[in-house]
Amino acid sequence: MTGNTSSAFHSAIHSDVLVIGGGPAALSIAAALAAEDLQVTLLCPQGMPTTWANTYGIWAEEVDSLGLGHLLGHRWQNTISRFGPGDDDPTADANRVVVHRRDYGLFDRQLLQQHWLEICHRHRVSIRTDGAVTISHDPFSSTVTTAKGETVQARLVIDATGHKPLFVTQLSSGLVAAQAAYGVVARFERPPIDSEQFVFMDYRCHHLSAEQRREPPTFLYAMHLGEDRYFVEETSLALAPAVPFAVLQQRLAQRLERQGAAITAIEHEEFCLFPMNPPLPALNQRVVGFGGSAGMVHPASGFMVGSLLRRGPQLAQTIAKALAESQNGPGGISGSELAQRAWTALWPAEEQARRAFYRFGLQKLMGFDQARLRHHFEAFFQLPDHDWYGFLTNTLNLAELGAAMAKLFALAPWDVRAGLLLPARSAPTWSMASNTDAVPIDH
């Protein structure tokens, strides 16, 4: 909500940048801004949690390239996917394995949080447990009033409160597709996957009934966490409306039963839901988004933390440079111009074009049935490692992305080519109620 500040509030804080939020996006951009020697205030509406509850996976090369490999709590060299229909189908090699030949990692959530917190503390970021209530703007700054009756005045406000942001204006373009997943960290009578293994996608459907195979496809995402502990998660790539959690939970149970991998003890249960292909927010507004509030989830893969790590420092440098120029020049930079420079740095034209391409591709995939989707991913992972890795991590430039997709079209079987060329079909919908409450994750 917006409104005018009042002199009745009993205290005021002045900063270069005010960041709102308490998750990875908020903490990462606060740390990046502080590292540029800016005065930063971080408002955490519910306070900074002891450790985040969500699961954050990443291809290890992404963090290695940034010198942050030590933040991984687990790392797998045995990384695979399976796309066969199932071991009860005599017409196909259902047990064939796609070996990815790339390490995959799982962040140690406490180490990741401490990494950013240490930067914030070193550079004297003011971290306050308080909620933002209203915001108002003057030509050169913005003022936020808080639930505790304080006012925070800053040259720029960054809203990193997630997919339902507090102050960033979101644009509407109809029903948005969401990735949904249900998973558990558990112990099993029999291992659900091989020891020391990470399974990126297992699309086999041997555990499903004939009727279930006509429904939107889901896949297993799984990892061995040591000893007899495993994380297993049934995931829907994207659907609008999202696949209900009850369906995902049932399918995971069927999959585990088929494998004889009965759960003996559940340590953690996870319900995950986040939008995959929302439109970008308005890029001409005074409040700047970061993370989910800025549409930074990769529309094709659901990854975001790698993008936070790469793009946060770039955004912070742009903001710091603009503020430094303002101090040295006559009149100073207006709040609107500062926000515009930040939005342009976050979403330059090429970044927007790549995102549009990913959204287009996702729309096609959502119309694919079980068989066609499996054929697509089998062809996708026949691409050179640089191409499929760059696609999933959004590290290809626009020319490389176009070249990779041309290779994919040449590799793909005819049913996939037809699906890519013909108008996108509407994906099947579920008769059950859609998900409403869930915890967003990034894997």
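The values are calculated or read from the model by the stated rules, or taken from the named source; none is laboratory data. Keep in mind that this is a model prediction, so the values were computed, not measured. Using ideal geometry, Cβ is built from the backbone for each residue, glycine included, and neighbour counts are taken over all protein chains shown.
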* State whether the residues of the stretch 238-249 include one that is on the phi < 0 side of the Ramachandran plot, surrounded by 20 or more Cβ atoms within 10 Å (Cβ to Cβ), small (Gly, Ala, Ser) and modelled with pLDDT of 95 or more. => no
* Asked: What tally of residues in the stretch 368-384 results from selecting those that are part of a loop (DSSP other than H, G, I, E, B) and among the acidic types (Asp, Glu)?
  -> 1
* Count of residues meeting criterion [within 13 Å of GLN340 (Cα to Cα) and assigned to a strand (DSSP E or B)] in the stretch 271-324 -> 2
* Structure fact -> If we ask which residues in the stretch 18-45 are assigned to a strand (DSSP E or B) and not β-branched (Val, Ile, Thr), their number turns out to be 4
* What tally of residues in the stretch 124-150 results from selecting those that are hydrophobic (A, V, I, L, M, F, W, C) and within 24 Å of SER336 (Cβ to Cβ)? -> 5
* What about SER301, is it within 18 Å of the chain's Cα centre (by Cα) and more than 20 Å from TRP59 (Cα to Cα)? -> no
* Among the residues listed as ALA353, ALA324, ALA342, the single one being surrounded by 19 or more Cβ atoms within 10 Å (Cβ to Cβ) and either more than 30 Å from TRP388 (Cβ to Cβ) or touching a Leu at 6+ places or on another chain (Cβ under 8 Å) (or both) -> ALA342
* Name the single residue, out of those in the stretch 385-419 being more than 24 Å from the chain's Cα centre (by Cα) and in a loop (DSSP other than H, G, I, E, B), that is nearest to VAL63 (Cα to Cα). => ALA412
* Can you tell me which residue within the stretch 133-151, out of those that are at pLDDT 95 or above and of a type in the set (Gly, Ala, Ser), is nearest to LEU71 (Cα to Cα)? => SER142
* Which residue pairs have Cβ atoms closer than 7 Å, lie 6 or more positions apart in sequence or on different chains, and pair a first residue in the stretch 244-260 that is over 16 Å from TYR221 (Cα atoms) with a second residue that is of a type in the set (Gly, Ala, Ser) and surrounded by fewer than 21 Cβ atoms within 10 Å (Cβ to Cβ)? -> PRO244/ALA433; PRO244/SER434
* **Only listed residue being over 30 Å from GLN153 (Cα atoms) and not acidic (Asp, Glu), chosen from GLN314, GLN340, GLN259** => GLN259
* Asked: Looking at the stretch 341-356, is at least one residue acidic (Asp, Glu) and in contact (Cβ under 8 Å) with a residue 12 or more places away in the chain?
  -> yes
* In the stretch 167-219, how many residues are within 17 Å of LEU273 (Cβ to Cβ) and among the aliphatic types (A, V, I, L, M)? -> 7
